[in-house]
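Encoded as structure tokens, the structure appears first; notes follow it.
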Amino acid sequence: MKREGRERRLAIYLAALIFVIAFPFIDKTLGLGLLGKTIPVALFIILALGLNVVVGFAGLLDLGYAAFFAIGAYTVGFLTSQASKLPYHELDFWPAMIVAALVAGIFGVILGAPTLRLRGDYLAIVTLGFGEIVPLVIRNTPDVTYGILGISPIGTPQFALGDAKFRFGIDSLPWYYLIIAIAALSIFLTTRLRDARIGRAWMAMREDEVAAASMGVNLVTTKLFAFSLGASFSGFAGAIWAGYLQQISPEQFDFSVSVFVLCMIILGGIGNIWGVVLGGIILGSFDRVLAEKISGGVHGLGDLLGINALSTFDVVQFKFAILGIALVVLMNVRPEGLFPSRRRKAELHAGDDSIVEEHQAHETLYDKGRT
Amino acid sequence: MPDILVAEQVTKRFGGLVAVDKVDFTIPQGSIVSLIGPNGAGKTTFFNIIAGLYTPTGGTLTFRGIPIGGKRSDQIVALGIARTFQNIRLFANMTALENVMVGRHARMKASPFEAWLHTRRERAEEKAAEARSRELLDYVGLTASAEEFAKNLPYGDQRRLEIARAIATDPQLLLLDEPTAGMNPQETAALTRFIRRLRDELKLTVLLIEHDMSVVMGISERVTVLNHGAKLAEGTPHQVQRDPAVIEAYLGRGAAGTSEPAAG
């Protein structure tokens, strides 16, 4: 039975992989024009996977995650842009991307170190502050960062295949494959860690720090590794975002990004890698694609029924309100998210069974009394 | 037998409160030693100092000749001291097996990079850790519950799981903080036998905090009594039981000399 399950899982992975690889062609053939919009969605998935390590695995509530996204993007900006004020710039994109991930990882440690003793709400507030400080610093140091004007243009990756040279440009196709590859790598890396010694240590730490330390888990290194790994994922995503968009400015990295990514992992099923991926796809595509489509549908419906309010209702404008309502409903009905891990489900539904049993026991007693 | 743990003049102050006051204390290797005393006597604080949760304010603490005062919990586990908690602290949303495997953490080496690469060493280590953990679950009688979430286990099983998790760290000294709390007499008797088995079969040295006098008197070779943070008496269970100072601490002035102390 275990083997059957494994085969089925493999089949699902394979189907997903084929779909993802073939998607640009499907998109082109059907003339959907969605390829460009999948790129931010895929970036959100990478962000969500990284934040899942910090929040889902290690249980450290990080509300300033977008700061690392910004740090990654600006690192690439500084290193590759013609406009950069660094003495040595116009570096190739690939090394710049690696440096961006490393720099973001280092900032993860810098944020992590002073917050080691903090937990829960207190940690959330400090990370929230960090998330606010980074865009503010960017905004207020125009000599280095060009402030609100942002940095543009940014170096793009290129690679040579034999004699042919490819340069990533306006065409979304190479970007699509690059991001998909990095997302797949992120899934692979986080899955391996979850099932290893470090993954158990994170889980134990999330459950009970004191007990984890008493079992030999070094809280300092274990926490810092979670922080810096999550941050470097975000740095990777930021680097690609900068290269793809060719224009970065501080308002792209404000608090709402951190919250949006957090919503993805909560909606998808915190701690569960595939749940988080699906959460990223659902919310990312709602943000970038679906809201518009739904808006069109609602307008059509309004025209059809002759209801003026519907014809002019702009879903895009209200997407965050809709999102908010959806989250409130979901948290009441299914607090563990859409695709929870077995663990999280058990955690949030503790006692459900016993209530049922108690109820049944009571019923039996009552019935006995009657007969 | 040489002393595995030596505490000299160990003191812990919380602000103005002296929780542990210049305690001299030794544990001979291979023995079962109990720490008793009325509530608030400083037993658990003393325990937490040994386990690395608190840094002592004064005095020295050595384990197998190595000074351990002020070391972190994870360093102390690595040296060979494991503990359980007074109020059970299992990883509630992890399975029994996973709980014990966390206990193996200190004895494993694989880095995240090895986990990414699934190196042969990493896989062998994971496999060995799981095998050893299952063995320990067998040992404490939880074979059938390996895949159960810790929080779904009955109370007595949780206590035993906590002990299995502690043994998984390969300790030489095991600290048990009120292991029989909340148990009925049958369970208590079974656990008492189990603790003696741990010492005899696994060659562990055991330090016990216990309120149940039948347990303390039944299995300890030596009993130390704390009161108001200071050592009040020390000796064999028999000696301590008749010590007027101990009786007074437990039952109050006037009771001394009249009878043996009842269960504290």
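The values are calculated or read from the model by the stated rules, or taken from the named source; none is laboratory data. Please read these numbers as outputs of a predicted model, since none were measured by experiment. FYI the Cβ positions are ideal-geometry reconstructions off the backbone, even for glycines, and counts take in every protein chain you see. To get the accessible areas, we keep the full protein, side chains included, count just its heavy atoms, and leave off ligands, DNA and RNA. Shrake-Rupley method; radii C 1.70, N 1.55, O 1.52, S 1.80 Å.
Keeping all protein chains in position, work out how much accessible area B:Arg72 exposes to a 1.4 Å probe, and write it in Å² to the nearest 10.
About 100 Å², rounded to the nearest 10.
With a ≥ b ≥ c taken as the square roots of the eigenvalues of the C-alpha gyration tensor of region A:215-300, please select rounded if a/c is under 1.5 and otherwise prolate if a/b is larger than b/c or oblate if it is not? Don't skip to the end; give the middle numbers.
Working: a/c = 3.09, a/b = 1.61, b/c = 1.93.
Taking the square roots of the gyration eigenvalues as a ≥ b ≥ c, region A:215-300 is oblate.
Would you list B:Arg104, B:Arg134, A:Arg167, B:Arg83 from the most to the least accessible area, probe 1.4 Å?
Sorted descending by solvent-accessible area, the residues read A:Arg167, B:Arg134, B:Arg104, B:Arg83.
Tell me which residues come under 5 Å, amide H to amide H, from A:Gly59 once H is placed; ignore anything under 5 positions away on its chain.
Those lying under 5 Å, H to H, from A:Gly59: there are none.
How far, in degrees from 0 to 90, does helix B:155-167 lean away from the longest principal axis of the Cα atoms of chain B, to the nearest 10?
Compared with the principal axis, the helix lies near 70 degrees.
Per residue, how much accessible surface does region A:38-254 expose to a 1.4 Å probe? Answer in Å², no decimals. Write out the running numbers ahead of the final one.
Working: 8250 Å² over 217 residues.
Per-residue accessible area for region A:38-254 comes out at 38 Å².
How large is ³J(HN,Hα), in whole Hz, for each residue of region B:56-70 in order, when computed from phi with the Karplus curve 6.51 cos²θ - 1.76 cosθ + 1.60 and θ = phi - 60°, using x for Gly and Pro?
Once rounded to whole Hz, the list reads x, 6, x, x, 10, 9, 10, 10, 6, x, 9, x, 10, x, x.
Amide H neighbours of B:Lys22 under 5 Å, counting only residues 5+ apart in sequence or on other chains, H built in-plane at 1.01 Å?
B:Thr11, B:Lys12
Which chymotrypsin sites (Phe, Trp or Tyr not before Pro) in region A:1-58 sit in a loop by DSSP (not H, G, I, E or B) and have at most 13 other Cβ atoms within 10 Å of their own Cβ? Working shown, then result.
On the way: sites: A:Tyr13, A:Phe19, A:Phe25, A:Phe44, A:Phe57; in loops: none.
Listed in order of number, the matching sites amount to none.
Work out from phi, with θ = phi - 60° and the Karplus expression 6.51 cos²θ - 1.76 cosθ + 1.60, the ³J(HN,Hα) of each residue of region A:117-133, listed in order in whole Hz, and give x for Gly and Pro.
Values, residue by residue: 7, 8, 9, x, 4, 5, 4, 4, 5, 5, 5, 4, x, 4, x, 7, 5 Hz.
Can you tell me how region B:48-122 classifies by the Cα gyration tensor, rounded, prolate or oblate, using a/c under 1.5 as the rounded cut? Working shown, then result.
On the way: a/c = 3.04, a/b = 1.56, b/c = 1.94.
Cα axes put region B:48-122 in the oblate bin.
Per residue of B:90-102, count partner chain C-beta atoms within 10 Å of its C-beta, then hand back the mean as an integer.
Working: counts 4, 11, 7, 13, 8, 3, 0, 0, 5, 5, 1, 4, 12.
Mean shielding count: 6.
In terms of solvent-accessible area of protein heavy atoms at a 1.4 angstrom probe, what is the ranking of B:Met1, B:Met94, A:Met203, A:Met331, highest value first? Display every interim value, and only then the final one.
Details: B:Met1 180, B:Met94 0, A:Met203 25, A:Met331 65 Å².
Final ranking, largest accessible area leading: B:Met1, A:Met331, A:Met203, B:Met94.
So what's the angle, to the nearest 10 degrees on a 0 to 90 scale, between helix A:352-370 and the longest Cα principal axis of chain A?
Once rounded, the angle reads 20 degrees.
Beyond a 28 Å Cα-Cα separation, which of these cross-linked pairs lie in this structure: B:Lys127/B:Lys151; A:Lys223/B:Lys71; B:Lys151/B:Lys231; A:Lys37/A:Lys223? Walk me through the intermediate numbers first.
Values: B:Lys127/B:Lys151 25 Å; A:Lys223/B:Lys71 19 Å; B:Lys151/B:Lys231 37 Å; A:Lys37/A:Lys223 35 Å.
Long pairs (Cα-Cα over 28 Å): B:Lys151/B:Lys231; A:Lys37/A:Lys223.
Given axes a ≥ b ≥ c from the Cα gyration tensor, I'd like to know whether region B:1-70 is rounded (a/c under 1.5), prolate (a/b larger than b/c) or oblate. Please report the intermediate quantities before stating the final value.
Working: a/c = 2.21, a/b = 1.40, b/c = 1.58.
Oblate shape, in that a/c is at least 1.5 and b/c is the bigger or equal ratio.
Given the rule -39500 (n - 2.57) for each run of at least 4 DSSP H residues, summed and divided by the residues of chain B, what is its mean residue ellipticity at 222 nm, to the nearest 500 deg cm²/dmol?
Values: 10 runs with 102 residues, N = 264.
Taken over chain B, the calculation gives -11500 deg cm²/dmol.
Can you tell me the orientation of helix A:255-268 relative to chain A, as the angle in degrees between its alpha-carbon axis and the longest Cα principal axis, to the nearest 10?
40
Which value, in square angstrom to the nearest 100, describes the accessible area buried between chains B and A on both sides, using a 1.4 angstrom probe? Can you show the working numbers first?
Values: alone 12550 and 20100 Å², together 29640 Å².
Separately minus together, B and A give about 3000 Å² buried.
Using a 1.4 Å probe on the protein chains only, how many percent of the accessible area of the protein assembly as shown belongs to carbon and sulfur? Please report the intermediate quantities before stating the final value.
Working: 18120 of 29640 Å².
Roughly 61 percent, rounded to a whole number.
DSSP loop (so not H, G, I, E, B), at most 12 other Cβ within 10 Å: list which trypsin sites (Lys or Arg not before Pro) in region A:1-89 pass both filters.
Details: sites: A:Lys2, A:Arg3, A:Arg6, A:Arg8, A:Arg9, A:Lys28, A:Lys37, A:Lys85; in loops: A:Lys85.
Of the trypsin sites (Lys or Arg not before Pro), the ones in loops of region A:1-89 whose Cβ has at most 12 other Cβ atoms within 10 Å are A:Lys85.
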